[in-house]
1. Go ahead and estimate [θ] at 222 nm for the chain from helices alone: -39,500 (n - 2.57) per DSSP H run with n ≥ 4, summed, over the residue count, rounded to 500.
2. Between helix 92-103 and the chain, what is the angle of the helix's C-alpha long axis to the longest principal axis, kept within 0 to 90° and rounded to the nearest 10?
3. Given H placed 1.01 Å from N in the peptide plane, which residues other than close sequence neighbours of Val369 have an amide H under 5 Å from its amide H?
4. Give me the dipole magnitude in Debye, nearest 20, for the chain about the Cα centre, with unit charges on the beta carbon: positive for Lys and Arg, negative for Asp and Glu.
5. Pull out the extension gain between Asn141 and Glu51, defined as 0.36 nm times the separation in residues minus the alpha carbon to alpha carbon distance; nm, one decimal.
6. Please list, in chain and number order, the residues 5+ apart from Gly137 or on another chain whose amide H is under 5 Å from its amide H, with Hs placed from the backbone.
7. In whole Hz and in residue order, list the ³J(HN,Hα) couplings for region 123-129 that follow from phi through the Karplus curve 6.51 cos²θ - 1.76 cosθ + 1.60, θ = phi - 60°; x for Gly and Pro.
8. To make sure I understand, if each residue's beta carbon is the centre and we count other beta carbons within 10 Å, what order do Val216, Val54 fall in, fewest to most?
Amino acid sequence: MHPESLMMSYGYKPEWSEGAVKCPIFQTSTFVFKSAQEGKEFFELAYGKRERNVGEQPGLIYSRLNNPDLQILEERLSLWDQAEECCVFESGMSAISTVFLEFLRPGDALLYSMPVYGGTDHFINKVLPEYGIKGIGFTENETEDELLAKAKGHQVKMVYVESPANPTNSLFDLELCSKVAKQLGDKESLAQLVVDNTYMGPLWQHPLQHGADLVVYSATKYIGGHSDLIAGAVLGNAKLMKRVRTLRTFLGNMAGPWTGWLLMRSLETLKVRMTQQAENARNVADFLKAHPKVEKVYFLGHLQEGDPQYEIFKKQLSCAGAMVSFDIKGGEREAFGFLDNLKLFKLAVSLGSTESLAQHPATMTHSDVSDADRKMLGISEKLVRLSIGVEHYEDLIADVSQALE
Ligand SMILES: *Cc1c(COP(=O)(O)O)cnc(C)c1O
């Protein structure tokens with residue numbers, strides 16, 4: 001079956017909970033063992049002292065290790081990316097930072113795509129150096145040889161990619177990045193390719209199918225989808241996920257049962273929400289492209305044959321998504337004038353939610369990026385970023401139209 005057909009029931013049996021059709025919120029810190037022997041066996045498995053027996057499910061011990069609301073959610077999330085395992089975290093940043101801390105050691109380096117999410121950029125450039133780990137950035141047009149040249153002389157243990165990049169929608173070729181990662185690393189292990197799929201996932205791009213070892217999400221965005229929670233997720237094969245899960249257990253940065261329950265509720269409508277958002281985005285982007293006060297629109301649905309970015313798009317993505325950025329004619333004054341005049345769009349950061357949002361990357365989400373990098377990446381004062389929601393597109397266009405006037 002398709003994932004959307006399974007989001008209402010997969011992994012849950014009503015007889016576990018008095019016949020309740022929905023998985024209840026297991027608001028509990030700890031779980032009762034049937035016997036001391038059972039408790040011993042649960043711990044042996046949880047702490048990796050023995051392999052799992054055929055068909056054996058990990059027993060419930062304590063909600064920092066596992067909880068039905070997280071476990072069932074993780075099984076459902078895994079379906080979209082066809083991943084062996086998933087771990088849900090209390091934020092996208094806790095998912096990303098846990099992956100960095102598990103797979104990088106003092107003396108290592110990581111290659112990362114630019115631009116990345118502001119929090120990720122901060123972690124790479126301000127936090128990891130304190131632990132002796134160096135970040136080396138690269139941009140969308142760099143070739144395999146150029147990436148390998150950048151890695152030379154460093155012990156690169158991870159290639160970290162965000163594609164499409166925020167806020168310009170530039171695409172990175174994941175197969176090329178995977179090829180690069182396979183030529184780096186050391187005797188112990190090859191470099192891991194980690195992909196932040198927040199912008200497209202889990203519906204429109206499946207990085208694990210294009211050579212990624214791990215995929216990370218801010219579940220705050222499309223997966224949560226209602227601007228009412230903060231959460232994150234990591235997915236990948238069982239071997240790597242065992243390491244991620246173990247570090248999560250000891251950092252204690254798992255999501256709680258209430259967040260898990262909310263995310264399960266969100267997943268039931270994920271496909272219909274995202275599908276409508278993408279259709280609305282196409283309409284808004286087309287309107288902007290034809291507007292005399294708009295200089296340039298950054299929308300994946302406008303890429304054309306012959307553009308190398310279009311080749312990556314065709315190979316990697318099944319949809320243009322619902323993020324639209326544009327350069328307004330003028331500068332900060334004109335951009336702010338537009339933002340302050342919006343009525344239906346909310347002036348707020350974040351993305352992927354049911355309501356449409358608008359913001360100014362240069363002074364908001366990307367204000368921490370250096371002037372030189374902003375210039376290189378095309379994040380100028382005239383750039384406005386829109387996240388398109390599920391409203392009627394005619395109302396969204398009417399709002400954009402009156403705000404441009
Ligand atoms: C929001 C976001 C994050 C961080 O996630 P939080 O849930 O806010 O911690 C990471 N990557 C991308 C692409 C994001 O948009």
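1. -10500 deg cm²/dmol, from helical runs alone.
2. Between the helix axis and the principal axis of the chain, the angle is about 60 degrees.
3. none
4. The calculated dipole for the chain is roughly 820 debye.
5. The Asn141-Glu51 span can extend by a further 27.9 nm.
6. The list, which skips near neighbours in sequence, is Tyr112.
7. 5, 5, 9, 10, 8, 4, x
8. Least crowded to most crowded, the residues run Val54, Val216.
Throughout, read-outs are computed from the coordinates displayed, never taken from laboratory work. Values in this document were obtained by computation on a predicted structure and should not be read as measured data. In this analysis, Cβ positions are derived from the backbone assuming ideal geometry, glycine residues included, and neighbour counts consider all displayed protein chains.
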